[in-house]
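The values are calculated or read from the model by the stated rules, or taken from the named source; none is laboratory data. What you are looking at is a predicted structure, and each value in this text was computed from that prediction instead of being measured. Virtual Cβ from ideal backbone geometry, glycine too; neighbours counted across all protein chains shown. Heads up: the accessible areas ignore ligands, DNA and RNA and are worked out on the full protein's heavy atoms, side chains in. Shrake-Rupley method; radii C 1.70, N 1.55, O 1.52, S 1.80 Å.
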Amino acid sequence: MCFEIKKMQPQDAKGMAEIERQVFSQPWSEQGFLSALQSPDTLYLIVWKDGRIIGYCGFLQSFEEADVTNVVVKEEWRGRGVGRRMLKELMDQGKKRGVERYTLEVRTGNTAAIKLYENLGFESVGIRKDFYEFPREDALIMWTS
């Protein structure tokens, strides 16, 4: 499958916010993405297919560690390797910036995402009780080693 992965640009924020509203019960806003983009400690990647955003991911870096803050693939593109390729690219670019370890939270019921993260070297290290709302659910804390 042919798609392009690029760094987020300010004009991408509106499309990302639209996808957030479709996917998450507590979505990031367009302004939230624009604010994150202003920080030198963040990196966001966009996956493009036929001129449309089909996925994105990003992190917030603190020294040699990065917290993966967003991972989204539009529903109709899931299961086709988009998430794996964009996360691999995010981690490769992070390595060039000095990131040695990554962390993230994922809903305990999101078995597809958990499997993807495990395949990329993440390990479960704990639970954040009632981390998510709407619906309320625990988060699995995962780290790369």
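The figures follow:
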{"item": "Among (1) surrounded by fewer than 16 Cβ atoms within 10 Å (Cβ to Cβ); (2) among the basic types (Lys, Arg); (3) within 27 Å of Ala13 (Cβ to Cβ) - the single one Arg101 does not satisfy", "result": "(3)"}
{"item": "Residue match in segment 53-68 (condition: modelled with pLDDT under 95 and open to solvent by 40 Å² or more (accessible area, probe 1.4 Å))", "result": "no"}
{"item": "Candidate set from segment 102-136 (those that are part of a strand (DSSP E or B) and within 15 Å of the chain's Cα centre (by Cα)); member that is nearest to Glu65 (Cα to Cα)", "result": "Tyr102"}
{"item": "Positions within segment 114-137 being in contact with a strand residue (DSSP E or B) (Cβ under 7 Å, 6 or more places away or on another chain), open to solvent by less than 90 Å² (accessible area, probe 1.4 Å) and modelled with pLDDT under 95, in sequence order", "result": "Asp130, Tyr132, Glu137"}
{"item": "Qualifying residue in segment 28-47 (condition: surrounded by fewer than 16 Cβ atoms within 10 Å (Cβ to Cβ) and touching a residue at least 24 places away in the same chain (Cβ under 8 Å))", "result": "no"}
{"item": "So Phe59, is it in contact with a strand residue (DSSP E or B) (Cβ under 7 Å, 6 or more places away or on another chain), farther than 15 Å from Lys7 by Cβ and part of a strand (DSSP E or B)", "result": "no"}
{"item": "Tally, over segment 104-113, of residues that are open to solvent by 20 Å² or more (accessible area, probe 1.4 Å) and closer than 23 Å to Met8 by Cα", "result": "1"}
{"item": "Residue within segment 51-67 that is over 27 Å from Val125 (Cα atoms) and charged (D, E, K, R) present", "result": "yes"}
{"item": "Out of Lys6, Lys88, Lys14, sole residue that is open to solvent by 70 Å² or more (accessible area, probe 1.4 Å), assigned to a strand (DSSP E or B) and of a type outside the set (Asp, Glu)", "result": "Lys6"}
{"item": "Top-ranked residue in segment 22-53 [being over 15 Å from the mean Cα position of the chain (by Cα) and assigned to a helix (DSSP H, G or I); ranked as farthest from Gly98 (Cα to Cα)]", "result": "Gln22"}
{"item": "Residue check, Gln22 of a type in the set (S, T, N, Q), open to solvent by 60 Å² or more (accessible area, probe 1.4 Å) and farther than 24 Å from Arg85 by Cβ", "result": "no"}
